[in-house]
Structures are given as structure tokens and as C-alpha cells.
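Take this structure, written in C-alpha cells, and hold onto it; I'll ask about it next.
Just so it is clear, none of the values below were taken in a lab; they were calculated from the coordinates. Quantities reported herein were computed from a predicted structural model and do not represent experimental measurements. Cβ coordinates were reconstructed from backbone atoms using ideal geometry, including for glycine residues, and neighbour counts include every protein chain displayed.
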């Protein structure tokens, strides 16, 4: 079975953080994303990789999408205003546009 990989936005606190931790406990490798990366460091583990993500900055969003595609991320959980991330991620021909 291949590694299950997920992106959780809004993971620096609240339900986003709880979701990232729950997924990690259940065998997922989690990209925990938020603007406040210093808060994400508190949950870093063998199964949780913090990434700084400000969804209002298109270049930062594109960089994050490239990382996720290389890691073959196959799940997304959105708890912050990250519609742009998912739109880019799911767009046809994404490989050519990012």
C-alpha cells in the first residue's frame, strides 16, 4: 500500500491542527499548512511536515502546489481560506501552469 499523504490548511490552531494530528495518528503523512509556521513547529513529527502557506500570495500558493504534486499528495482538508490552492491543485494541465 502506498503512503497516504494529506494537506491540511489552517493547521496552526483549532480544528485544522486537530485534523492534522488525527490524520498523522491514522497513518497519513501530513503537510500542515498555515501562515504562522512557528506555531506549526509545535506539531512537527515524523508524520507532520509544516509548510508556510499564505493563500493570499499567488506565488506562495504555486510553490506549495508544486511541492504537493512532487510528493503525490492525494488528500486535501481545507480549514483556512484556501480555495485558490485547491483550484490550482485540481485544474487540468496544472503541471504546465505551475
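Given labels modelled 7 Å from the Cα in the Cβ direction, how far is it in nm from residue 59 to residue 22?
3.7 nm
Could you order peptides 3-15, 50-62 by the average number of other Cβ atoms within 10 Å of their residues, highest first? Working shown, then result.
Working: 3-15: 20.2, 50-62: 16.5.
Highest mean packing first, the order is 3-15, 50-62.
For an R0 of 22 angstrom, estimate the FRET efficiency from the Cβ-Cβ distance between residue 44 and residue 3 and round to the nearest 0.05. Present the calculation step by step, with values, prior to reporting the outcome.
On the way: r = 18 Å, r/R0 = 0.80.
Calculated value: 0.80.
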